[in-house]
Amino acid sequence: MIMPAYELPKRRRIYLMRHGDVTYFDASGRVIDPDNVPLNERGRAQASAAGRVFAEQAIRFDRVIASGLPRTVETAQRVLAETGQRIDIELEPAWREIRGGHLSEMPPDQQRDAFLRVFEGVVPETTRFLGGETIGELIDRVLPPLAALRADRSWDTALVVLHGGVNRALLSHAMLPGQRVFIGHLSQATGCINALDVGDAPNDWVIRMINHAPPEALHRDVRNTTMELLYQQFLTFSQA
């Protein structure tokens, strides 16, 4: 019996990044507007280091998309500066970070869960981030732009620069396509790169790489999450 020839699936590549590091509290403990905060010195170095990784592999992007918040746009700009590629950065507001509420209105005994619960294990859709947006609401708004990106056949390689919570939602979808799930403990270091291959079939995802974070690729000195560190800072300043 002669077996029919096997045709390899054709897939395209999405490089999904988290923006570089930022500073959310100033020296006096005042919260900096998260919609306008820029990269700090470490974040600029992370973004440029990621760009050099792409440049070393001679990777060229057909589309570059950021959420529109300054920290994602600046990260994308620094990546492109290292690769030497001139390409317009598209903005997708639906991919902005999960929205928090007003911590000042939250009882102290609820603050820990408000900071940390959303990034612990498989998170229920009803869970609110810092008393604001729910996981279900996040999923509802981040998946349609992903479907639109997949439906556009004009590109082969895309760079998408977003946020820790949004990246977790997209990675969770790629891991378990067709299911509404949010895996909170998928670490997304600032400036990290994820590599996802996507085929034509709705469930055709191949996850190549998660949380590669040049210039600290081995995460040697990191044992805590971003939200744990922010919670510690919040307590320090609120009790000062």
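The values are calculated or read from the model by the stated rules, or taken from the named source; none is laboratory data. In this text, all values refer to a predicted model and were calculated from it rather than measured experimentally. Glycine also receives a Cβ, built like all others from the backbone with ideal geometry; neighbour counts cover every protein chain displayed. These area figures cover heavy atoms from the full protein model, side chains too; ligands, DNA and RNA do not enter into them. Shrake-Rupley method; radii C 1.70, N 1.55, O 1.52, S 1.80 Å.
Between Asn211 and Glu125, the FRET efficiency from the beta-carbon distance, with R0 = 25 Å, is close to 0.55.
Summing Cβ point charges (Lys, Arg +1; Asp, Glu -1) relative to the Cα centre of the range 115-240 gives a dipole of roughly 180 debye. Specify the angular offset, from 0 to 90 degrees and rounded to the nearest 10, of the alpha carbon long axis of helix 164-175 from the longest principal axis of the alpha carbons in the chain. Helix 164-175 and the main axis of the chain meet at about 40 degrees. Taking every DSSP helix (H) stretch of at least 4 residues in the chain, weighting each as -39,500 (n - 2.57) and dividing the sum by the residue count yields a mean residue ellipticity at 222 nm of -10500 deg cm²/dmol. Placing +1 on each Lys and Arg Cβ and -1 on each Asp and Glu Cβ, with no other charges, gives the chain a dipole about its Cα centre of roughly 440 debye. With contacts taken as Cα pairs under 8 Å at a separation of at least 6 residues, the range 119-172 carries a relative contact order of 28 percent. Classify the range 107-175 from the C-alpha gyration tensor, please: rounded if a/c falls under 1.5, else prolate or oblate depending on whether a/b exceeds b/c. Because a/c hits 1.5 or more and a/b exceeds b/c, the range 107-175 counts as prolate. Only one residue of Ala66, Leu116, Asn203 has its Cα farthest out toward the positive end of the dipole of the chain, where Lys and Arg carry +1 and Asp and Glu -1 on Cβ, and that residue is Asn203.
Under the combined filter of DSSP loop state and at most 16 neighbouring Cβ atoms within 10 Å, the range 105-199 retains these trypsin sites (Lys or Arg not before Pro): Arg153, Arg180. Looking only at the range 85-115, which residues have a backbone nitrogen under 13 Å from a spot 7 Å from the Cα of Ser238 in the C-beta direction? 101-115, by backbone N distance to the label point. Take the alpha carbon gyration tensor of the range 1-118, find the square roots of its eigenvalues, order them as a ≥ b ≥ c, and report rounded if a/c is under 1.5; if not, report prolate when a/b exceeds b/c, else oblate. In terms of gyration-tensor shape, oblate. Restricting the range 142-238 to chymotrypsin sites (Phe, Trp or Tyr not before Pro) that sit in a DSSP loop and have at most 15 other Cβ atoms within 10 Å of their own Cβ leaves Trp155. Tell me which label goes with the value of Cα extents along the principal axes in Å computed from the coordinates here: [x] 54, 48, 33; [y] 75, 39, 33; [z] 83, 38, 28. Given [x] 54, 48, 33; [y] 75, 39, 33; [z] 83, 38, 28, the structure-derived one carries the label [y]. Each label was represented as a point 7 Å from its Cα along the Cα-to-Cβ direction; for Ala201 and Gln57 these points are 2.5 nm apart.
Restriction of the chymotrypsin sites (Phe, Trp or Tyr not before Pro) in the range 1-102 to DSSP coil positions whose beta-carbon has at most 11 other beta-carbons within 10 angstrom yields Tyr6. Rounded if a/c is under 1.5, else prolate if a/b is larger than b/c, else oblate: which is the range 133-240, with a ≥ b ≥ c the root eigenvalues of its Cα gyration tensor? Prolate, because a/c is 1.5 or more and a/b exceeds b/c. Solvent exposure of the chain, expressed per residue, is 52 Å² of accessible area, with all protein chains present and a 1.4 angstrom probe.
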